[in-house]
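Student: Dropping the structure in here first, questions after.
The values are calculated or read from the model by the stated rules, or taken from the named source; none is laboratory data. Computed from a predicted structure; not experimentally measured. Note: ideal-geometry Cβ built from the backbone for every residue, glycine included; neighbour counts use all protein chains shown.
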Amino acid sequence: MSECARLADQIRRAFDGSAWHGDPLLKILDGVDARTAAAHPVKKAHSIWELVLHIAAWDDAVRRRTGGLVANLKSKQNFPPVTDTSEAAWKKAVEHLTSVHAALVEAVAAFPDSRLHVQVPGKSAKYHNFFYMFSGIVQHELYHAGQIALLKKARMR
């Protein structure tokens, strides 16, 4: 198995596979409805919905960077605003996250191992190579999955 295939597997496991740490992100999101997703049970913290949009934004940025594009997110791209809090909009947000994540896993799996130590394009990533970024996106998914798990518990008490 190539190093990129291993990294892609770790990215997938953090999202919807059997992860060593426990429940992956998609399982944590199971049972979350739009009302729970939009709630702010912790003052000055992002909602589950905002975190889902944020994770999708960064998964897509990393995917675009694999193609050589500069992908720097502005504030509203980093944490896109939630404007429609309907069940249909929540379902669409989770479907979007799932689709973007699948495209990221596919892009990393197809990425050549020989380019893992090449610098990521863009000013903000000038010290990061692709290996660092692919490992980091796993950490990013799990960090926010933990936040979502806590927000879900706080909301469902």
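Student: Mind listing whichever residues of segment 80-96 are surrounded by 15 or more Cβ atoms within 10 Å (Cβ to Cβ) and over 14 Å from LEU26 (Cα atoms)?
Tutor: Within segment 80-96, PRO80, VAL82, ALA89 meet the criteria.
Student: Now, a different point. From (1) within 23 Å of PHE131 (Cβ to Cβ); (2) surrounded by 17 or more Cβ atoms within 10 Å (Cβ to Cβ); (3) in contact (Cβ under 8 Å) with a residue 24 or more places away in the chain, pick out the condition that doesn't hold for SER47.
Tutor: Here SER47 meets the rest and fails (1).
Student: Identify, by number, the condition in (1) among the aliphatic types (A, V, I, L, M); (2) touching a residue at least 40 places away in the same chain (Cβ under 8 Å); (3) farther than 16 Å from ALA39 by Cβ; (4) surrounded by 15 or more Cβ atoms within 10 Å (Cβ to Cβ) that ALA110 doesn't meet.
Tutor: (4)
Student: Would you check if SER99 is in contact (Cβ under 8 Å) with a residue 24 or more places away in the chain, surrounded by fewer than 14 Cβ atoms within 10 Å (Cβ to Cβ) and hydroxyl-bearing (Ser, Thr, Tyr)?
Tutor: No.
Student: Kindly indicate which of GLN77, GLN139, GLN119 is under 11 Å from the mean Cα position of the chain (by Cα) and surrounded by fewer than 16 Cβ atoms within 10 Å (Cβ to Cβ).
Tutor: Answer to the selection: GLN139.
Student: For LYS44, work out the one condition from (1) modelled with pLDDT of 95 or more; (2) at positive phi it doesn't fulfil.
Tutor: (1)
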